[in-house]
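The values are calculated or read from the model by the stated rules, or taken from the named source; none is laboratory data. Since the model is a prediction, treat every value here as computed from it, not as a measurement. When we count neighbours, we look across all protein chains shown, and the Cβ atoms used for this are built from the backbone with ideal geometry, even at glycine. Calculation scope for accessible area: heavy atoms of the full protein, side chains included, ligands and nucleic acids excluded. Shrake-Rupley method; radii C 1.70, N 1.55, O 1.52, S 1.80 Å.
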Protein chains: 2
Amino acid sequence: MQRTVLFILSLLFFTSFTHAQNNDSVVIRNIYTEALSNGKAYGWLDFLTNNIGGRLSGSEEATKAVLFVEEELNKINPDRVFKQEVIVPHWVRGEKESAEIKMTNKKTVAVSICALGGSISTPKEGIKAKVVEVKNFEELDMLGTEKIKGKIVFFNHPMDPANYSTFKSYGEAARYRWSGASKAAKYGAVGAVIRSMTLSLDDFPHTGSMGYNDSFPKVPTCAISTIGAAKLSASIKEDPALIFIYKQSCRKLPDATSYNVIGEIKGSEYPEEIIVVGGHLDSWDTGNGAHDDGAGVVQSMEILNLFRKLNIQPKRTIRCVAYMNEENGGKGGEKYAEMAKLNKENNIVAIESDGGGSTPEGFSFNGDSLTVGRIMQWEKLFNPFGMHQWIRGYGGADIDHLKSQGTILIGLMVDSQRYFDYHHAASDTFDKVNRRELELGAASMASLIYLISEYGLK
Amino acid sequence: MQRTVLFILSLLFFTSFTHAQNNDSVVIRNIYTEALSNGKAYGWLDFLTNNIGGRLSGSEEATKAVLFVEEELNKINPDRVFKQEVIVPHWVRGEKESAEIKMTNKKTVAVSICALGGSISTPKEGIKAKVVEVKNFEELDMLGTEKIKGKIVFFNHPMDPANYSTFKSYGEAARYRWSGASKAAKYGAVGAVIRSMTLSLDDFPHTGSMGYNDSFPKVPTCAISTIGAAKLSASIKEDPALIFIYKQSCRKLPDATSYNVIGEIKGSEYPEEIIVVGGHLDSWDTGNGAHDDGAGVVQSMEILNLFRKLNIQPKRTIRCVAYMNEENGGKGGEKYAEMAKLNKENNIVAIESDGGGSTPEGFSFNGDSLTVGRIMQWEKLFNPFGMHQWIRGYGGADIDHLKSQGTILIGLMVDSQRYFDYHHAASDTFDKVNRRELELGAASMASLIYLISEYGLK
């Protein structure tokens, strides 16, 4: 008898579940159709990149970007638009950097470099020294002080082309950019030149954050383009006594005041349960911050726009956050989490789009297995839209600060093949982003948010 | 007893199957690594697009392309390189086309057009007439002779942005390009202007094949850019009596002699079982034929290169075919199938890459269920490489002619989001193709071919 009851109950549940899923698939179809047909993300990205440009924390462009996002969010007419003050580091590049290889026969070869974010300046006359090329830290340690003292260390570590995920190769290579300078200085190097983190052979130096280890002298450090790296490496083989000269006038100014910009649609049934979706508004100054991460910001704004346009009243609160200062400090993400804690908010889920505006492939989940398992059951609703990767993994740098509050972190996964061609370089411009691919990312996040808002996570 | 034997047998089978799969995954990993690290497809595409350019059947560029592919295939050192003579139509564009909207107030607006492939020329002074705008054939039929006679019909049918697969939207829209001219001429129209088949709003007219229905007068027909279409449509709303003028001097020359180019590695155990992989070497003349279909050709050449570089001796014969004349006649594919029949060949499988050089997503299979089902069991070996779409569907235009010979047809499926931004337009250039995405397509086909070559299809 009990089994019969259970059976009937399960049938009832199954029927209502199927019904819900049918309705859901209609709503999701509408979300994708609206985004692909009338989405606003691409137009916003156009303005953010072409009218404002690169938006390094503390810059005038970052200030303009804050105002722009605030204005545009207000036009969507959510229930609330507000800012959170964020104190950010203010590093400036100064004049355009220059570098050349000077062979012992006096022949010179110019190469493209740019200062790494956080680096100190060279003296006005530049750093001028012989070069030691290494592929990794093991080679550096083998050479030691005797071979390195007084020289420039050239970290020529290529990203591994064999990995399908370019993020994996980036993760392996980025340590040279972050800590190459201090590791070299430990052995008495006077400077460090880092091969750009890209899988493309081109002449753009790709910048990015570096950090100094206070135990060792600070030496100026720069990224060299992959074409420059190939030239330098070939020149060293030909003429090991060559001299490398590079000049940069970057410096750190006093911290500046900036903002996270937040738009919010209040949930009708569970307003205290908050679903956060965001990208970072700051970008490096070398390019226009289109893929990194203008894309993530405008996609997140699009979520609010889609809910309003389609008259979807969420049961739970949805917040779009444009975080400030992901690139060189992470102060915006930190601040958001700090305020959430202070206000005793319940941020049940945080989604981040910071992998570029290419075709979305899925989501990566970071949180307790039970909840993540529940979310993953929705995968089949996304089958028609190419979202085939539902895996456990990283959420995102800005939302990572919410982890300790029990928030489920979700990263939008996108096709990563061409991302590092543009990453942190002058090539990260609007024309590299495709409207449909960008909108598909927004629609995918909006659809997942819709489901979470309807059903919650318990 | 019998059950025990079966059980043991099945265990043995399972063990050997698992072992085979493990070996296979190593070989497949090696194929991807080689393609991503040292692949030659991108360099070949550079030459084909930047040094040779658009390669319309019968053109000097098509001849150069034949020679180039033959030379490069020979360098790979397969067992055989040969050509198949193909008689192709020879249509030429003539001088650059021009068009303008002339408002009744004498104001003129220039718009971008190009002749559709196969269209007749306009008179020297152009076609000059009032315009009737329709969205589809139903609207055309409603208007009838009374409203259409003596006018130009403007087919303003946008591709549907809501479909995830842009090929689906293309399929729906392409009928206006193919038969718009004759359908309009049936009602006495003097010309037909077709909205370009693209989801992008840009100023490139996208050409493509059209055909005349001999029951009606032939009228000149052209594609108008989507920006041009928007201008024309807005102008008609403002001023329905406006005049449209367009000039084109395209014409059909006598048929020309051209070639399919074929490279072959003989199978060591079953040389009579042939696995064909190809793309089409001809392209439209408007752009450089990078995505369509230089990509497919160089990927197919890459298959032979990968087998040679990795010293994989296939058990079955592998043929790379660069088909001529897919765009405006399909004579190359026809010829290949004709020769296969004549020579009593057993082409067990034919794979085509003609969806552009973007990130591959899977394969679509056309053939008997039993065999396709067997092939589909290999899907999991491709999980690490994003190949998640294994579906029943279309193979490709060139290989379709082999269907009647029982050949299993397989199409490489790639990310279609940006394909029609470039398709048949001046924007289809080398810089739109990413090296990694291109190589992933080659590696995916090479891996599938490896499996078919090892295990066959019976």
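Here are a few things to note about the model shown:
- Members of segment A:392-431 that become less accessible by 10 Å² or more once partner protein chains are added (1.4 angstrom probe, chain alone as reference): A:Asp415, A:Gln417, A:Arg418, A:Asp421
- Of all accessible heavy-atom area on chain A, the percent that carbon and sulfur account for (1.4 Å): 54 percent
- Dipole moment magnitude, nearest 20 debye, segment B:220-339 about Cα centre, only Lys, Arg, Asp, Glu C-beta charged: 180 debye
- Chain A: angle of helix A:331-342 to the longest principal axis, Cα-based, in degrees nearest 10: 40 degrees
- In a simple Cβ point-charge model (Lys, Arg +1; Asp, Glu -1; nothing else charged), segment B:147-216 has a dipole of about 400 debye relative to its Cα centre.
- Sorting B:Lys341, A:Lys380, B:Lys183 by accessible area puts them as B:Lys341, A:Lys380, B:Lys183; the probe is 1.4 Å, largest comes first, and only protein heavy atoms count.
- Copy-to-copy label separations for B:Ser268, where each label sits 7 Å from Cα toward Cβ, in nm and ascending: 6.8
- Interface B-A: total buried accessible area of about 2400 Å², 1.4 Å probe, protein heavy atoms only.
- For the pair B:Lys124 and B:Gln389, label points projected 7 Å from Cα toward Cβ lie 5.0 nm apart.
- Subset of B:Lys102/B:Lys231; A:Lys186/A:Lys252; A:Lys124/A:Lys247 violating a 18 Å alpha-carbon distance limit: A:Lys186/A:Lys252
- Put the Cα centre of segment A:304-363 next to the Cα centre of segment B:177-253 and the gap is 46 Å.
- Sequence-distant aspartates and glutamates (8 or more away, or on other chains) whose Cα lies within less than 14 Å of B:Lys75: B:Glu264, B:Glu302
- With the cut-off at under 20 Å, measuring from each backbone N in segment A:351-370 to a point 7 Å along the Cα-to-Cβ line of A:Gln377 picks out A:363-370.
- Spatially proximal aspartates and glutamates relative to B:Lys168 (Cα-Cα < 12 Å; intrachain offsets below 8 disregarded): B:Asp160
- 7 Å along Cα→Cβ, label-point gaps from A:Arg175 to other copies, nm, shortest first: 6.0
- Partners of A:Lys183 within straight-line reach, counting aspartates and glutamates whose Cα lies under 19 Å from its Cα and excluding those fewer than 8 residues away in the same chain: A:Glu133, A:Glu138, A:Glu139, A:Asp141, A:Glu146, A:Glu172, A:Asp214.
- Look at the dipole of segment A:41-158 built from charges on Cβ: of A:Leu48, A:Val92, A:Val69, the Cα furthest out on the positive end belongs to A:Val92.
- Theoretical gain in end-to-end length, A:Glu334 to A:Lys266 [0.36 nm per residue, Cα-Cα removed]: 22.2 nm
- Listing of segment B:32-63 residues, each with accessible area lower by at least 20 Å² in the full protein assembly than in the chain alone (probe 1.4 Å): B:Leu36, B:Ser37
- Pseudo-label separations to other copies for B:Ser369 - Cα-to-Cβ vector, 7 Å, nm: 3.9
- Each Lys and Arg Cβ is given +1 and each Asp and Glu Cβ -1; about its Cα centre, chain B then shows a dipole of about 780 debye.
- For the protein assembly as shown, the solvent-accessible area works out to 40 Å² per residue, with a probe of 1.4 Å and every protein chain left in place.
- Chain A residue nearest the rotation axis toward B, with distance: A:His388, 2 (Cβ to axis, whole Å).
- With the charge dipole of chain B set up from +1 on Lys and Arg Cβ and -1 on Asp and Glu Cβ about the Cα centre, the Cα lying farthest toward the positive end among the listed residues B:Thr122, B:Asn163, B:Ile243 is that of B:Ile243.
- Prolate/oblate/rounded label for segment A:361-450 (Cα gyration tensor, a/c 1.5): oblate
- Relative to the dominant Cα principal axis of chain A, helix A:60-76 is inclined by about 10°.
- Taking only the Cα atoms of the protein assembly as shown, the radius of gyration and Dmax are 30.0, 97 Å.
- For the pair B:Asn23 and A:Thr63, label points projected 7 Å from Cα toward Cβ lie 6.9 nm apart.
- For segment B:259-328, GluC sites (Glu not before Pro) meeting the loop criterion (DSSP other than H, G, I, E, B) and having at most 14 other Cβ atoms within 10 Å: B:Glu269.
- The residues B:Lys130, A:Lys335, sorted by heavy-atom accessible surface at 1.4 Å with ligands and nucleic acids left out, run B:Lys130, A:Lys335 from largest to smallest.
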